[in-house]
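K.L.:
One structure, as structure tokens, below. Some questions next.
The values are calculated or read from the model by the stated rules, or taken from the named source; none is laboratory data. Values in this document were obtained by computation on a predicted structure and should not be read as measured data. FYI the Cβ positions are ideal-geometry reconstructions off the backbone, even for glycines, and counts take in every protein chain you see. Only protein heavy atoms, including side chains, enter the accessible area calculation; ligands, DNA and RNA are left aside. Shrake-Rupley method; radii C 1.70, N 1.55, O 1.52, S 1.80 Å.
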Amino acid sequence: MINKSKKRLIIFMPSIEGGGVEKNLFIITNYLILRLKNIHLLTANSQDKKFFNKKINLLTPNSHFWSDKGRLLKTIICMYLLLKERLKDKNLVIFSFQANIYTIIFCKIFGLKVISRSNSAPSGWSKNFLKKKLFKIILPLADEVIVNSFQFKKDLDKSFGTNSKCIYNPLDKRRILSLSKQNINLKFYNNKTLNLINVGRFTDQKDHLTLLKAVKNLSKKIPLRLIIIGRGNKKNSIINFIKSNQLGKIIKIISFNKNPFKYIKKSDIFILTSTFEGLPNVLLEAMCLKKFIISSDCPTGPREILKNGKLGSLFEVGNDEMLSHKIEYFYKNKKKFTHKINKAYLSLDRFDYNYNLEKYFNLINKYCE
């Protein structure tokens, strides 16, 4: 049943870059349009409209000039577009997925309700003293702050004085399982090797260097293969490490893929080496495909998802030797981990698709009525 909301909801996401945040943007936005009538998406990435329900109104720059620009420039042009919308219509509610501080300031100046969704743990972006001070003043001014893990909520509320709401990322198990069945000719993996996979943007946050060092440590100890799927500004440094350490035969880089599930399905271990997260979707997706997970114990998400290591294995952030040891232990004791993998799959009810999307609707709808 569609609610005829009195206020127009504008979802603010200047830069769509193809990560976990974007997956949640697509899922949440496409669900909300089934329940709310008046939804607009404001973004500089008009080429990504194919991922959204056709009933969603896209607000984008007239020119494609902005599509390949950096996030700051995209935010500036989108703030200009938001101003134009506010001058035409006072009955707006803003739901920001990005550039939260800018949108909160804008909404407070123009008397609009604003719901802010924070995507990654404060430890990853609040080390600058002035930035932290600014966030502490502005973030609590939002009408609602949404986070995606309870540890994230605890850290954010303590550091910035917010009263955030935790809503887990909705997990579309049916879609993941369906896409994982697509045929793939992957001769790189074989039955005689331990097959590892990592999916994530090539950025400092994802810390691929720790993963590469761990594989180098093990390259002469056990037969293994590693596939890394992603894109980003650190790709050349990853390639250079692989070349300089002669790891080209056992490490394969695959460009960002809309369907990583068919690769994850053929792997033995999913590895995450991030220095910080919010609630990493890739871990939930790997659990859905019944893969063993070895993850950095970074703030926030992995420890909560893996229930303190009961559903997978955690290692110290940046500790490649500890990661190497855990990979090798799995290789020598595979059968011991079957129970953990099955238990991890059964734990996914927490991230139920409809249950968590309904939470989003209920929170947002009260501001749109």
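K.L.:
Which net charge results when you count Lys and Arg as +1 and Asp and Glu as -1 among the other residues whose beta-carbon is under 9 Å from that of Lys113?
P.N.:
Result for the local shell: -1.
K.L.:
Reachable aspartates and glutamates from Lys213, Cα under 13 Å, same-chain residues fewer than 8 places away excluded?
P.N.:
Asp320, Glu321
K.L.:
I've got another one for you. Taking only C-alpha pairs under 8 Å that are 6+ residues apart, what is the relative contact order of the range 245-295 in percent? Write out the running numbers ahead of the final one.
P.N.:
Numbers: 33 pairs, mean separation 20.1, N = 51.
Relative contact order of the range 245-295: 39 percent.
K.L.:
Can you give me the solvent accessible area of Glu369 with a 1.4 Å probe, rounded to the nearest 10 Å²?
P.N.:
Accessible surface of Glu369 is approximately 130 Å².
K.L.:
Here's a follow-up. Report, in listed order, any pair from Lys108/Lys235; Lys54/Lys165; Lys158/Lys307 with a Cα-Cα distance greater than 32 Å.
P.N.:
Working: Lys108/Lys235 40 Å; Lys54/Lys165 29 Å; Lys158/Lys307 22 Å.
Beyond 32 Å: Lys108/Lys235.
K.L.:
A further question on this structure: If you count only protein heavy atoms and use a 1.4 Å probe, how large is the accessible surface of Arg201, to the nearest 10 Å²?
P.N.:
Estimated to the nearest 10 Å², Arg201 gives 80 Å².
K.L.:
What's the angle, to the nearest 10 degrees (0 to 90), between helix 235-244's Cα axis and the longest principal axis of the chain?
P.N.:
The angle comes out at about 10 degrees.
K.L.:
Share of Cα-Cα pairs in the chain beyond 36 Å, in percent?
P.N.:
Result: 24 percent of Cα pairs exceed 36 Å.
K.L.:
Would you mind checking the tilt of helix 353-368 against the longest principal axis of the Cα atoms of the chain, expressed as 0 to 90 degrees and rounded to 10?
P.N.:
Long axis of 353-368 versus the principal axis of the chain: about 20 degrees.
K.L.:
Relative to the Cα centre, what is the charge dipole magnitude of the chain, using +1 at the beta carbon of each Lys and Arg, -1 at the beta carbon of each Asp and Glu, and rounding to the nearest 20 debye?
P.N.:
The dipole magnitude comes to about 780 debye.
K.L.:
Calculate one ³J(HN,Hα) per residue across the range 335-349 by plugging θ = phi - 60° into the Karplus curve 6.51 cos²θ - 1.76 cosθ + 1.60, and present them in order as whole Hz with x for glycine and proline.
P.N.:
5, 5, 9, 4, 4, 5, 5, 5, 5, 4, 4, 5, 7, 6, 4
K.L.:
Scaled to the compact-protein estimate 2.2 N^0.38 Å, what is the alpha-carbon radius of gyration of the range 85-186, rounded to two decimal places? Before the final figure, lay out the partial values.
P.N.:
On the way: Rg = 17.5 Å, N = 102, 2.2 N^0.38 = 12.8 Å.
With N residues counted in the range 85-186, Rg over 2.2 N^0.38 Å equals 1.37.
K.L.:
Under a 1.4 angstrom probe, counting protein chains only, how are Met322, Met13 ranked by accessible area, largest first?
P.N.:
Met322, Met13
K.L.:
Find the lysine pairs in the range 323-369 meeting two conditions, Cα atoms under 25 Å apart and a separation of 8 or more places or different chains, and report how many there are.
P.N.:
So the count of such lysine pairs works out to 9.
K.L.:
Oh, and also: What's the center-to-center distance, using Cα atoms, between the range 87-126 and the range 255-291 in Å?
P.N.:
One Cα centre to the other: 30 Å.
K.L.:
With every protein chain present, what accessible area does Phe361 have (1.4 Å probe, heavy atoms only), rounded to the nearest 10 Å²?
P.N.:
10 Å²
K.L.:
Under unit Cβ charges (Lys, Arg +1; Asp, Glu -1), what dipole magnitude, rounded to 20 debye, does the range 160-201 have relative to its Cα centre? Show your work: numbers first, answer last.
P.N.:
On the way: 8 positive and 1 negative charges, 27 e Å.
Roughly 120 debye for the range 160-201.
K.L.:
Which whole-number percent gives the relative contact order of the range 216-307, counting Cα pairs below 8 Å spaced six or more residues apart?
P.N.:
24 percent
K.L.:
Then there's this: What does the charge count near Lys90 come to, summing +1 for each Lys or Arg and -1 for each Asp or Glu among other residues with Cβ under 12 Å from its Cβ?
P.N.:
Neighbour charge sum, excluding Lys90 itself: +4.
K.L.:
Averaged over every viewing direction, what's the projected area of the C-alpha convex hull for the range 264-369? Give it in nm², one decimal, please.
P.N.:
Details: hull surface 30.1 nm².
One quarter of the hull surface, i.e. the mean projection, equals 7.5 nm².
K.L.:
Picking from Pro302, Pro140, Pro280, which is most flexible by a Gaussian network model of the chain using Cα springs under 10 Å?
P.N.:
Evaluated over the chain, the most mobile residue of the options is Pro140.
K.L.:
Work out the P(r) tail for the range 1-150: percent of alpha carbon pairs separated by more than 28 Å, whole number. Before the final figure, lay out each step's value.
P.N.:
Working: 1724 of 11175 pairs.
Counting every Cα pair in the range 1-150, those more than 28 Å apart make up 15 percent.
K.L.:
If I fit a long axis through the Cα atoms of helix 100-109 and take the longest principal axis of the Cα atoms of the chain, what angle between them do I get, 0 to 90°, rounded to 10?
P.N.:
Roughly 10 degrees, rounded to the nearest 10.
K.L.:
What number, in percent, do you get for the relative contact order of the chain if the mean sequence gap of Cα pairs under 8 Å and at least 6 apart is divided by its residue count?
P.N.:
Reported relative contact order: 16 percent.
K.L.:
Using square roots of five times the C-alpha gyration tensor eigenvalues, list the equivalent-ellipsoid semi-axes of the range 168-262 in whole Å, biggest first.
P.N.:
24, 18, 12
K.L.:
Now for a separate question. State which entries of Lys192/Lys262; Lys74/Lys127; Lys74/Lys265; Lys131/Lys173 exceed 31 angstrom in Cα-Cα distance in the structure shown. Kindly include the intermediate steps, with their values, before the conclusion.
P.N.:
Numbers: Lys192/Lys262 20 Å; Lys74/Lys127 24 Å; Lys74/Lys265 36 Å; Lys131/Lys173 38 Å.
Checking Cα-Cα distances, Lys74/Lys265; Lys131/Lys173 exceed 31 Å.
K.L.:
Also, quick follow-up: Over all pairs of distinct alpha carbons, what does the Kirkwood formula give as the hydrodynamic radius of the range 322-369, in Å? List each step's numbers first, then the result.
P.N.:
Details: mean 1/r = 0.0712 Å⁻¹.
Taking every pair of different Cα atoms in the range 322-369, averaging 1/r and inverting gives 14.1 Å.
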